[in-house]
Amino acid sequence: MMKLHRVAVGLLLASGLLAAKLGIAQANTQASPAINAETLRPLLNSERITLKFGSYGIKVVQNGEKIRVSNLYSESDNKQTTRTLAVVVYPEMVAPAFKQEHQQIVAGGSIGATFKKSGWKINKQHTYFGEIAASPKLSQLYQLMGGIKPTGLAMHLYQLNVSKEGNQFHYATIAEVHHPAYLTSKDLQAIYKDQYQQLQKQSNTINVILNTVKEKLASL
């Protein structure tokens, strides 16, 4: 499990990353200023969770050679609440250029934060936006999300690519399923705008991944 870290609200305010869409209140209790999608879009999931809930941690709940399931959570009063459940599918071959970073990730590190710390630029190639329908099979996930009632959960599927010194590599296919108090389908639509509208269709390739995601969520 990656060590839980906290970021001071004052530093976040100074960085200009405060988003009204994510429901963050300023320290002086004034209304949060609106933020454009271009500013909000490139933030890592860990940064968004920290921004909204004041803390972030990651726990790998299933770890295989080809697939990893990660619990991205916030913590309050010693209670962890899942904000995103991420299913990560690695490629057949991991490029030697980021072998060290991959080892850190396999050991439980946060993907985006690990690459960013090592100087890699991260690019998300979005492939699908949708929703996981409410189901009794997701009872364990609902418990991890703080015991919420069965409900549809927004999902974001993308290819994660990394680049450094003019070289770009595909690292993983990632499906993120979000807590409704963190990101809803409307939130994702506001952040990604036209891309959200254009990426609603389920191809055969996407259906294979979606079935894998559903299986992993049901087996938590």
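The values are calculated or read from the model by the stated rules, or taken from the named source; none is laboratory data. Since we're looking at a predicted model, the values are computed, not measured. Counting neighbours? That spans all protein chains shown, and the Cβs are built from the backbone with ideal geometry, glycine included.
A few comments on the model shown:
- Selection within region 73-100 - part of a loop (DSSP other than H, G, I, E, B), among the hydrophobic types (A, V, I, L, M, F, W, C) and in contact with a His (Cβ under 9 Å, 6 or more places away or on another chain): Val94, Ala95
- Within region 145-163, one or more residues are of a type in the set (Ser, Thr, Tyr) and within 23 Å of Arg41 (Cα to Cα).
- Of all residues in region 175-220, those that are under 14 Å from Gly152 (Cβ atoms), surrounded by fewer than 18 Cβ atoms within 10 Å (Cβ to Cβ) and charged (D, E, K, R) total 1.
- Hits in region 74-128 (condition: basic (Lys, Arg), within 17 Å of His170 (Cβ to Cβ) and surrounded by fewer than 16 Cβ atoms within 10 Å (Cβ to Cβ)): Lys99, Lys121
- Meets criteria (in contact (Cβ under 8 Å) with a residue 60 or more places away in the chain and closer than 18 Å to Asn63 by Cα) for Val177: yes
- Residue within region 13-35 that is out of contact with any Cys (no Cβ under 7 Å at 6 or more places or on another chain), more than 17 Å from Ala175 (Cβ to Cβ) and at pLDDT 50 or above present: no
- Looking across region 76-94, the residues that are at pLDDT below 90 and either in contact with a strand residue (DSSP E or B) (Cβ under 8 Å, 6 or more places away or on another chain) or β-branched (Val, Ile, Thr) (or both) come down to Pro91, Val94.
- Test: residue in region 105-115 that is assigned to a helix (DSSP H, G or I), in contact with a helix residue (DSSP H, G or I) (Cβ under 9 Å, 6 or more places away or on another chain) and more than 20 Å from Thr50 (Cα to Cα): no
- Look at region 75-89: where a residue is acidic (Asp, Glu) and a partner is surrounded by fewer than 20 Cβ atoms within 10 Å (Cβ to Cβ), sitting 6+ places away or on another chain with Cβ atoms under 7 Å, you get Glu75/Leu4; Glu75/Ser55.
- Scanning region 181-220 for residues that are charged (D, E, K, R) and under 15 Å from Arg41 (Cα atoms) turns up Lys186, Asp187, Lys193, Asp194.
- For the residues Asn161, Asn167, the requirement of being closer than 13 Å to Trp120 by Cβ and touching a residue at least 60 places away in the same chain (Cβ under 8 Å) singles out Asn167.
- Close contacts from region 191-207, counting a first residue that is at pLDDT 90 or above and a second that is charged (D, E, K, R), with Cβ to Cβ under 9 Å and a gap of 6+ residues or different chains, come to Ile191/Lys21; Ile191/Arg41; Tyr192/Arg41.
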